[in-house]
Amino acid sequence: MTDKAAVRLQFGTDAQTAATHTNLSAVRAEGRCLWVAGDETATVERLTADSPNPLGSYGQQRTFALADYIDLPGPASDEADIEGIGRAGGYLWAVGSHSLKRKKIKSKHADAKAIKRLAKVEDEPNRRIVVRIPVVNGEDGLPELAREVAIDGETRTAAALGGVGASLTDLLVDDDHLGPFLEIPSKDNGFDLEGVAAVDERLYLGLRGPVLRGWAVVLEVHPYVDHDDPHLLRLRKIGLDGEPYRKHFLDLDGLGVRDLCPDGDDLLVLSGPSMDLDGPVRIHRWHHAASTDTPEVVRGDEISRLTDLRYGEGDDHPEGLCRLDDIDDQTRLLVVYDSPAAHRIDDGGILADVVSLG
C-alpha cells in the first residue's frame, strides 16, 4: 500500500432512515457511478460522482428495489442481506448471504432472556437470492436497471436463481465440504456468502464461512437462462462429478472471504474473520483466477497478500471492495464499511477509503 485517502458518499433521507449508509456491504464502480448495497434492505443504490474526479465525492443517490425487477421468495419489505454486487455482460448481479442468523444478546437483556435468544435461529427467504438485472442507459446517460429490455435484437430479462430444490443452498445439501454447515448460523462459522465477482459467464461466490481448517472457500458457478422461463436462472454442470459448481480452497491466513473484485484475469480478495470478530482484514490477489477450468487449492505463489486494512473495535468493518478508474498509472481500490466508526459519519454522508496499490 502506497497511500490512503477517503471519498464521501452522500445518501438521501430514505436511505438514511433505513440505515443503508451505515450498513454498507457491497460496492462496484461503473463510470461516474457507484453501485452499493446495504445488508438491511432488499435494494441496490446508485451514487453518482459530483465531478469527473473519481477521488471526489458521490451523491444523487437513487434506490432500486429488487422486488421491482424479480419475484422475491419472501415479502418485498424483508431484507435480502445483499453481500455482493457484480457487473458483467450488460447485467448487474446481486447476491444475498444465504445464511441463517442467530439472535443477538443486548445489554438490556437479563440472563434468562439472553440465553433464550442465543437458542433462536432465523431463516429469511430473501437472503437466498442470486439475481441478474439488465443495465441500460437512462435519459440522463447514467446506468439504471430494467426488468426487461431489447438491445440489438436481444431481449434481456431480469432473472433469479431459484425454484423448488434449485436454490444455491439446495444444490449444496449433499456437498461433502459445505453441506454440514448449511444449518449453522453465519457468525458461528456457518454458511455465509459475502462476496461476488462476475467475469464473462462465470460467477465467483466468496464464502465468509465456513473456513475449513484455515482454508477459505470460493464457489464458481456458470448461470444460464432457463429455456422455458426467461426470468429463471439455472447452473451449468461444471464440477468434476457433474456438480453445478466448482469449489476453490484459498490460503487466506485462516480468514474468510468478505468480498471479491475482478482485476483483469486476477481476482482481488477482501478477507476477514469468519466469526464475530473485528479483524484482521486483508487484501489478497488470486493470480489467474478467471482462467482456470478446474477446482483449485490456491496457495503459495498462486495468491499474494497485498496489504492489511485498519479496522475498529466493535466498528469500522471493511465489507466491500471495488476498483476505481486508474489515475496516474495508480491502481486504486475503494473500500466501504459496515458499522462505520463515528468519524466516518457526517450528516447523511459516509467516508469510504481509497487504497492505492501502486
Tally time: how many residues in segment 36-62 are farther than 21 Å from SER339 by Cβ and in a strand (DSSP E or B)?
6
Please count how many residues of segment 67-112 are more than 23 Å from PRO134 (Cβ to Cβ), among the small types (Gly, Ala, Ser) and either in contact with a Leu (Cβ under 7 Å, 6 or more places away or on another chain) or touching a residue at least 60 places away in the same chain (Cβ under 8 Å) (or both).
2
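Somewhere in segment 13-23, is a residue on the phi < 0 side of the Ramachandran plot, part of a loop (DSSP other than H, G, I, E, B), surrounded by 17 or more Cβ atoms within 10 Å (Cβ to Cβ) and not β-branched (Val, Ile, Thr)?
Looking for residues that are on the phi < 0 side of the Ramachandran plot, part of a loop (DSSP other than H, G, I, E, B), surrounded by 17 or more Cβ atoms within 10 Å (Cβ to Cβ) and not β-branched (Val, Ile, Thr), one finds at least one in segment 13-23, hence yes.
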Scanning segment 240-262 residue by residue, those on the phi < 0 side of the Ramachandran plot and surrounded by fewer than 17 Cβ atoms within 10 Å (Cβ to Cβ) turn out to be LEU240, ASP241
Segments classed as strands (runs of 3 or more DSSP E), wholly inside segment 240-320, with at least 2 members that are closer than 21 Å to SER339 by Cα
256-263, 266-272, 281-286, 303-309
Output for segment 333-348, where each listed residue is assigned to a strand (DSSP E or B), surrounded by fewer than 22 Cβ atoms within 10 Å (Cβ to Cβ) and not acidic (Asp, Glu):
ILE345
Could you look through segment 83-125, keep only residues that are in contact with a helix residue (DSSP H, G or I) (Cβ under 8 Å, 6 or more places away or on another chain) and not in a loop (DSSP other than H, G, I, E, B), and pick out the one that is surrounded by the most Cβ atoms within 10 Å (Cβ to Cβ)?
ALA94
Going through segment 147-181 one residue at a time, which ones are assigned to a loop (DSSP other than H, G, I, E, B), without any contact (Cβ under 8 Å) to a residue 24 or more places away in the chain and more than 18 Å from PRO223 (Cα to Cα)?
ASP152, GLY153, VAL173, ASP174, ASP176
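So, LEU235, is that one at pLDDT 95 or above and either of a type in the set (D, E, K, R) or more than 18 Å from the chain's Cα centre (by Cα) (or both) or not?
yes
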Every residue from segment 319-331 that is surrounded by fewer than 22 Cβ atoms within 10 Å (Cβ to Cβ) and in contact with a Ser or Thr (Cβ under 6 Å, 6 or more places away or on another chain)
GLN330
Do we find that ASP81 is modelled with pLDDT under 95 and over 21 Å from ASN23 (Cα atoms) in this structure?
no
ASP316 under 21 Å from the mean Cα position of the chain (by Cα) and either of a type in the set (Phe, Trp, Tyr) or under 21 Å from LEU34 (Cβ atoms) (or both):
yes
ALA42 fails exactly one of (1) surrounded by fewer than 20 Cβ atoms within 10 Å (Cβ to Cβ); (2) out of contact with any Pro (no Cβ under 7 Å at 6 or more places or on another chain); (3) under 19 Å from ALA146 (Cα atoms), namely (1)
Got a number for residues in segment 293-318 being more than 21 Å from GLY272 (Cβ to Cβ), out of contact with any strand residue (DSSP E or B) (no Cβ under 7 Å at 6 or more places or on another chain) and either among the small types (Gly, Ala, Ser) or surrounded by 16 or more Cβ atoms within 10 Å (Cβ to Cβ) (or both)?
1
Given the conditions (1) surrounded by fewer than 19 Cβ atoms within 10 Å (Cβ to Cβ); (2) of a type in the set (D, E, K, R); (3) more than 22 Å from TRP286 (Cα to Cα), which single one is not true for GLU201?
(3)
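The values are calculated or read from the model by the stated rules, or taken from the named source; none is laboratory data. Computed from a predicted model, the values in this text were never measured in an experiment. Heads up, the Cβs are rebuilt from the backbone with ideal geometry, glycines too, and the neighbour counts pull from every protein chain shown.
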